[in-house]
Structure formats: C-alpha cells, structure tokens
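Below is one structure, written out as structure tokens; comments come after it.
Every read-out reported here was derived from the displayed coordinates using simple, explicitly stated rules and does not represent laboratory data. The shown structure was predicted, so the numbers you read here are calculated from the model rather than taken from an experiment. Backbone-built Cβ (ideal geometry, glycine too); neighbour counts: all protein chains shown.
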Amino acid sequence: MKTLIVYRSYHRMNTQKIARAMAEATGATLVTVDEVRPGDLADYGLVGFGSGIYGGKHHADLFALVEDMPAAERAVFLFSTSAGEGPENHRALREALVAKGCRVAGEFACRGEFCILRFVTKNRGHPDETDLAAARTFARGLVAA
Ligand SMILES: Cc1cc2nc3c(=O)[nH]c(=O)nc-3n(C[C@H](O)[C@H](O)[C@H](O)COP(=O)(O)O)c2cc1C
C-alpha cells in the first residue's frame with residue numbers, strides 16, 4: 001500500500017526518530033508537515049500523522065494540515081512521543097481526522113525525552129531501541145493489513 005508519513009518534531013527530535021523508523025520499516029514516503037500540501041494526501045492509500053504532544057495534543061501544524069485537506073474516506077494512523085507512554089493525548093487529532101471522513105487504522109505512542117526547569121531531563125534516552133522496534137513492528141503490521 002502506498003503510504004505517507006507526515007510528522008512535526010522540534011523539541012528533541014524524538015518524533016522524527018519514530019517517523020524515520022516507521023518509514024524505513026515500510027518503505028513509506030516521509031515528509032515534515034512543512035513539506036506536504038493538503039492535496040498531496042490523495043495520492044496515498046494510508047497516511048500517518050505524528051508529532052510530540054504539546055499542551056495535551058499534537059502540534060498545531062498537523063491540525064492546520066487536517067483542516068485544509070479535502071474530506072475523503074482515507075485510512076490514517078496517528079503516532080506521538082510524549083511525557084507519558086500511551087495515546088491518551090490523541091483524542092483531538094483523532095476527532096479532527098474522523099470529522100474529515102478518515103478511518104483510523106491504528107495508533108502508536110511512546111515516551112519521549114523532554115526538559116523541564118531548563119536543566120532537568122525526563123524520559124532520558126527515549127525513544128530508545130525498544131521504542132523504535134515497537135514503532136517498526138506497528139508500522140509493518142498496518143501496511144501489511
Ligand atoms: C512545550 C512543551 C509542551 C509539552 N506538553 C506535554 C504534554 O502536555 N503532555 C505530555 O505528555 N508531554 C508534553 N511534552 C513532552 C513532549 O511531548 C515530548 O518531549 C516529545 O517527545 C517531544 O517531541 P519532539 O522531540 O518530537 O518535538 C511537552 C514538551 C514541550 C517542549
């Protein structure tokens with residue numbers, strides 16, 4: 001299946017590591033959200049949207065892309081890195097995608113390193129090799145389905 005992965009990553013480039021692992025494992029086309037136009041998504045059978053979680057949701061640039069993309073029955077997946085381990089902060093983007101007619105085929109989330117109080121690093125080293133392996137397995141499973 002022709003697959004596109006769109007991501008936004010800026011704090012520690014954590015989500016970029018996950019996006020790259022997924023793309024390498026599946027042969028998907030990988031782009032940052034700045035590199036894609038809403039109309040481009042029509043060329044793909046499966047589109048992944050991922051970023052860090054900032055203030056409880058995905059990056060605003062992903063919401064802007066979803067808002068501008070034409071409504072269509074499209075298979076999508078969501079992914080993120082965040083302070084937590086689970087996809088509990090995916091709700092807003094999931095709802096935006098569903099409102100555009102998309103079918104959510106899967107969701108992936110893992111911990112990502114972040115800095116608080118300038119000098120204190122949490123989740124140090126994440127995503128690690130185990131997280132990357134899980135991302136590869138997740139993406140392969142979706143593309144094969
Ligand atoms: C400004 C800011 C806000 C954040 N807000 C949250 C949050 O609400 N919930 C959470 O779990 N993690 C939060 N984090 C942690 C990031 O989601 C985490 O570090 C993520 O891996 C960053 O992804 P990136 O390196 O791809 O940008 C925040 C980080 C930053 C810098």
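Things worth noting here:
- Residues with amide H under 5 Å from that of Leu30, placed H, sequence gap 5 or more: Ile5
- The C-alpha atoms of the chain define a longest principal axis, and helix 14-26 lies at about 50 degrees to it.
- For the stretch 80-145, the convex hull spanned by the alpha carbon atoms encloses 86 Å³ per residue.
- Scalar couplings 3J(HN,Hα) for the stretch 107-122, obtained by applying the Karplus form with A = 6.51, B = -1.76, C = 1.60 to θ = phi - 60°, are 9, 10, 8, 8, 6, x, 4, 8, 10, 10, 6, 6, 10, 9, 9, 10 Hz; x denotes Gly and Pro.
- Taking each DSSP H run with n ≥ 4 as -39500 (n - 2.57) and averaging over every residue of the chain yields -10000 deg cm²/dmol at 222 nm.
- Contact order normalised by residue count of the stretch 32-95, Cα under 8 Å, 6+ apart, percent: 40
- For the chain, the antiparallel share of DSSP beta bridges with both residues in that region comes to about 15%.
- Ratio of the Cα radius of gyration of the stretch 3-144 to 2.2 N^0.38 Å, where N counts its residues: 0.98
- Between the Cα long axis of helix 129-144 and the first principal axis of the chain there is an angle of about 10°, rounded to the nearest 10.
- Rounded, prolate or oblate (a/c below 1.5 giving rounded, otherwise prolate when a/b exceeds b/c) for the stretch 30-106 by Cα gyration tensor: prolate
- About the centre of its Cα atoms, the chain shows a dipole size close to 240 debye [charges on the beta carbon of Lys, Arg (+1) and Asp, Glu (-1) only; nearest 20 debye].
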